[in-house]
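> Sharing a structure, written as structure tokens. Questions coming.
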Amino acid sequence: MSQPTFETLLYDVEDGIATITLNRPERMNAFTARMMKDLIEVFDVTDADDDVKVVIVTGAGRAFCAGADLGAGGATFDRTSPQALEREEGKVGDIYRDGGGRCTLRMYDSLKPIIAAVNGAAVGVGVTMQLPMDIRLASTDAKFGFVFARRGINPEAASSWFLPRLVGMQTALEWCYTGRVFGAQEALDRGLVRSLHAPEDLLPAARALAREIADNSAPVSVALTRQLLWRMAGADHPMEAHKADSRAIQARGAAADAKEGVTSFLEKRSPVYPDKVSTDLPDIWPAWGSHPFS
């Protein structure tokens, strides 16, 4: 089956693992309106493809993503200018939607786990786009920066929701107040990334982690787990988690995957899960998709 093509991304699927590579190396993979649209579209592709069990996101060349493309100069962030990243299709009422946020909200809704393999510089939207990814691995050469205050703007891509949940409020505020660029070791020490790797070992490490998920876990269960943990991070009371858990375990407990999971364990063999995300994902969210920007 031929893979879709994108103007600003490379896309490949091999043995259940999709690799998305930000591909504007001559501009350090700087974020543009086209990249925003390509990222939204590619996660539509991964969600719809039952052959995809895990997604890896990385960058081509020496950067992961150097932030917004500043080629428009001082008008770069003026949403009313002809050079704005967002056009009319991103407008709700009088507000132009932030393009980074449109990407991160799409990633938040992903049915497949997302692993970031941060190969180099990741600043501005280059780091905020990583926040809804589930696990971040970084090269020892990687650098990070929430540089918004140094460009006269504010954090975007819904990072005010994601970042404190990952690293705590104090670290989130320090990084955003100062706007300084910091190295991979600080990112590890403060909990932004899971592990550091020599540049040549980064993608193999990401693929090994993806392989462990793809080979052992039921895809429908992974999709449900991803949404349970992310959505419950903003719940008002654990009762909300209990309601969702109860709906999910009732549906999954009677499914073919549960029978296979138990049987394969007892028979000491690798599981072959029959259920598919595209057709067998139970609806456990009474208000799924109810957000005004959905």
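> In a GNM of the chain with a 10 Å cut-off on Cα contacts, which of Gly67, Gly120, Gly234 has the highest mean-square fluctuation?
Gly234
> If you don't mind, another one. Let me check I've understood the local charge: for Val277, count other residues with C-beta under 12 angstrom from its C-beta, Lys and Arg +1, Asp and Glu -1. What total comes out?
-3
> Still on this model: Please check: in the Gaussian network model of the chain (C-alpha springs, under 10 Å), which one of Asp134, Asp51, Asp201 has the largest mean-square fluctuation.
Result: Asp201 has the largest fluctuation of those listed.
> Under a Cβ-only charge scheme (Lys and Arg +1, Asp and Glu -1), can you give me the dipole magnitude of the chain about the Cα centre, in debye to the nearest 20?
640 debye
> Let me ask something additional. What Kirkwood hydrodynamic radius do you get for the chain when you take the inverse of the mean 1/r over all pairs of distinct Cα atoms, in Å?
Computed over Cα pairs of the chain, the Kirkwood hydrodynamic radius comes out at 20.1 Å.
> Lysine pairs in the chain with Cα distance under 16 Å, only those 8 or more apart or on different chains: how many are there?
Taking the chain as the scope, the lysine pair count is 6.
> Among Leu188, Gly61, Ala117, whose Cα sits farthest toward the positive end of the charge dipole of segment 9-213 (+1 at Cβ of Lys/Arg, -1 at Cβ of Asp/Glu, about the Cα centre)?
Most positive-ward Cα: Leu188.
> Assuming 0.36 nm per residue, please report the length gained on full extension of the stretch Tyr177 to Trp285 beyond their Cα-Cα distance.
That pair, Tyr177 and Trp285, stretches by 35.2 nm at full extension.
> With a 10 Å cut-off between alpha carbons and a GNM built on the chain, which of Asp12, Asp94, Asp69 moves the most?
Sorting by GNM fluctuation, first place goes to Asp94.
> Using Cα atoms only, what is the angle between the long axis of helix 33-48 and the major principal axis of the chain, expressed in degrees (0 to 90) to the nearest 10?
0 degrees
> At a 10 Å Cβ-Cβ cut-off, how would you order Phe265, Phe144, Phe6, fewest neighbours first?
Phe265, Phe6, Phe144
> Still on this structure, please answer the following. How large is the direction-averaged shadow of the alpha-carbon convex hull of segment 205-285, in nm²?
Its Cα hull, projected and averaged over all orientations, spans 6.4 nm².
No value in this document is a laboratory result; all are computed from the given coordinates. In this text, all values refer to a predicted model and were calculated from it rather than measured experimentally. Glycine also receives a Cβ, built like all others from the backbone with ideal geometry; neighbour counts cover every protein chain displayed.
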